[in-house]
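Quick notes on the structure that follows.
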Amino acid sequence: MKKHLPAILTGAGLLILWQIIAMCINAAYILPSPTQIAVKIWELRDPLFTVHTPATMLVTLLGLMISVVLGVGLAVIMEKFETVERALYPVIVTTQTIPVTAIAPLFVLWLGYGIWSKVLVSVLITFFPITISLHDGLKSTKRENEELLKTMGMSSAAIFIKLKFPAALPSFFSAIKMAIPLSILGAAMGEWLGAQSGLGYFSKRMMTQLDGAGVFAPVVVLAVCAMLVVAVISAIERKLITWRKEI
Amino acid sequence: MPLVEFNDVTFGYKEDDYLLLRNLSFTVEKNDIITVIGASGCGKSTLFRLMTCLEKDYTGSISINGKSPETASGTAAFMPQKDLLMPWRNILKNVTLPLEVLPISKSERIEIAKEALSKVGLSDCEKKRPSELSGGMRQRVSFARTLVQLWQGRELLLLDEPFSALDSLTRISMQDWLIGQVNDLNATVMMVTHDVEEAMLIGNKIFLLSGRPVKDISIIDVSGIKCRDDLYLPQSVKLKNRLVSAFLTDNADKEERSGV
């Protein structure tokens with residue numbers, strides 16, 4: 001608790017400042033106060049938590065799962081085959097220079113207003129940090145470690161399982177923690193472009209009604225969801241990787 | 001038949017524009033305890049890299065137990081300079097690592113590793129992580145990890161400067177400890193070291209590598225030196241001075257060639 005005190009105090013200070021500024025402006029459609037947002041979340045709890053949050057979380061989860069499979073696959077293949085690495089690495093980097101907001105409407109054209117256009121936006125944003133971080137993690141093992149295992153008679157597959165994979169786990173968890181907020185962002189962004197449900201869609205609907213607190217309410221829910229999922233992943237990471245500082 | 005035979009071996013690393021070994025020939029008999037000394041960068045560790053098949057681009061022939069290094073992969077147990085323990089494995093699991101490629105059951109692996117840890121006096125550290133051990137203890141775990149390979153049929157123990165990272169007091173105690181271990185093993189041992197006294201104390205024979213590239217190995221019999229006190233006998237002191245002088249001459253030659 002003591003460790004988190006500076007963050008809690010800073011957050012509380014910013015909320016108080018926000019409350020004061022919002023009260024001074026006194027125009028909820030421009031800047032609603034934190035208390036107005038809290039009240040709005042409570043009022044809209046039913047659609048927010050039973051319809052829109054699960055919809056966004058489903059897109060987030062699917063996007064993240066596909067990104068993990070794609071990212072891990074690409075990282076492993078690039079680590080194993082240098083030619084593939086040389087061929088793919090620049091392409092992967094290039095995908096990140098494309099503005100997602102510009103290309104996302106294409107996904108709606110291709111895949112329609114259903115869930116998969118949003119999932120694709122989420123994947124496009126999240127597979128990059130997973131691929132690159134894991135690839136760097138796999139590459140980070142020292143040559144002397146690999147050579148020692150070779151002298152023991154281990155195959156490339158055994159060296160991967162016993163050395164490279166465990167050594168890359170810290171990088172993998174860092175990538176996942178980075179990818180979670182991005183995945184949620186991608187899902188919400190996709191929903192903004194066209195959807196029947198989801199926090200992004202809900203936020204856009206509230207905007208058309210000039211309901212400032214209503215726009216902020218799903219944003220707050222999105223942020224809380226991201227923090228909760230990252231906290232869960234961090235807890236798993238702490239349990240699994242007790243040796244992070246030793247490599 | 002010698003256990004190790006180098007015949008006219010010539011080798012240089014691809015990235016270097018010079019040779020390390022030229023037409024080098026020597027043999028190591030079974031149960032020899034050889035310490036290998038020579039100036040820094042002369043190719044001592046390279047001999048081990050060639051024997052363990054980590055370097056393959058040489059000319060001449062190398063034979064380990066009558067086979068080429070490519071086909072003799074199960075003959076040598078190698079202990080590197082650094083302990084290279086895996087931080088995500090506890091001590092017991094670090095020692096079982098080389099056994100995991102062998103067709104033996106998990107329980108058997110654990111039994112063998114426990115025995116090896118007991119042999120190096122670390123039975124009470126099985127569940128600890130490498131970070132919880134001192135430098136000397138970590139080297140002993142590394143030795144136990146090498147030992148289990150010898151017990152599983154490997155005949156040649158290759159030690160590459162195993163104590164170079166240790167402080168001088170730990171080093172002395174580890175040297176005395178290793179002498180006991182090596183004498184008990186009844187295996188063929190080759191150990192690279194920079195320390196002339198260590199070479200005289202641990203080995204029965206010293207291989208002195210000199211020249212650039214190395215063409216010949218001077219073989220010095222030190223089987224008469226059985227304990228640390230023997231190092232202070234007049235003939236031992238004379239030999240030590242001779243080896244140090246050879247070392248210094250070779251280093252001076254190297255510096256002259258590199259323009260230092």
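Could you please find all residues in the stretch B:13-64 being of a type in the set (A, V, I, L, M, F, W, C), without any contact (Cβ under 8 Å) to a residue 60 or more places away in the chain and over 14 Å from B:Pro213 (Cβ atoms)?
Hits for the stretch B:13-64 are B:Cys53, B:Leu54, B:Ile62.
Against the definition (assigned to a helix (DSSP H, G or I), closer than 19 Å to A:Val230 by Cβ and not acidic (Asp, Glu)), how does A:Ile20 come out, yes or no?
So A:Ile20 does not fit the description; no.
Looking at B:Leu208, B:Leu185, which is the one that is under 29 Å from A:Gly153 (Cβ atoms) and either touching a Gly at 6+ places or on another chain (Cβ under 7 Å) or surrounded by fewer than 17 Cβ atoms within 10 Å (Cβ to Cβ) (or both)?
None of the others qualify; the one that does is B:Leu185.
Is it true that some residue in the stretch A:68-83 is closer than 21 Å to A:Val215 by Cα, touching a helix residue (DSSP H, G or I) at 6+ places or on another chain (Cβ under 8 Å) and in contact (Cβ under 8 Å) with a residue 12 or more places away in the chain?
no
Does A:Val100 qualify as being surrounded by 15 or more Cβ atoms within 10 Å (Cβ to Cβ), among the hydrophobic types (A, V, I, L, M, F, W, C) and modelled with pLDDT of 90 or more?
no
Exactly one condition in (1) among the acidic types (Asp, Glu); (2) outside any loop (DSSP other than H, G, I, E, B); (3) within 14 Å of chain A (Cβ to nearest Cβ) is not met by B:Glu108; state its number.
The single condition B:Glu108 does not satisfy is (3).
Would you tally the residues in the stretch A:220-247 being under 15 Å from the mean Cα position of the chain (by Cα) and over 21 Å from A:Ile115 (Cβ atoms)?
Of the residues in that region, 9 qualify.
Specify which of the listed residues (B:Ser168, B:Ser164, B:Ser142, B:Ser173) is among the small types (Gly, Ala, Ser) and modelled with pLDDT of 90 or more.
It is B:Ser142.
Of all residues in the stretch A:150-159, which are surrounded by 18 or more Cβ atoms within 10 Å (Cβ to Cβ), hydrophobic (A, V, I, L, M, F, W, C) and either at the interface with another protein chain (Cβ under 7 Å from one of its Cβ atoms) or touching a residue at least 60 places away in the same chain (Cβ under 8 Å) (or both)?
A:Met152, A:Met154
With respect to A:Glu147, determine if the residue is closer than 30 Å to B:Asp83 by Cα, touching a residue at least 24 places away in the same chain (Cβ under 8 Å), touching a helix residue (DSSP H, G or I) at 6+ places or on another chain (Cβ under 9 Å) and of a type in the set (D, E, K, R).
No, not satisfied.
Only one of these is among the acidic types (Asp, Glu), within 11 Å of chain A (Cβ to nearest Cβ) and closer than 30 Å to B:Lys240 by Cα: B:Asp32, B:Asp83. Name it.
Testing whether each residue is among the acidic types (Asp, Glu), within 11 Å of chain A (Cβ to nearest Cβ) and closer than 30 Å to B:Lys240 by Cα leaves just B:Asp83.
The values are calculated or read from the model by the stated rules, or taken from the named source; none is laboratory data. Every value quoted in this text rests on a predicted model; they were computed, and no experiment measured them. Glycine gets a Cβ as well: all are built from the backbone with ideal geometry, and neighbour counts include every protein chain shown.
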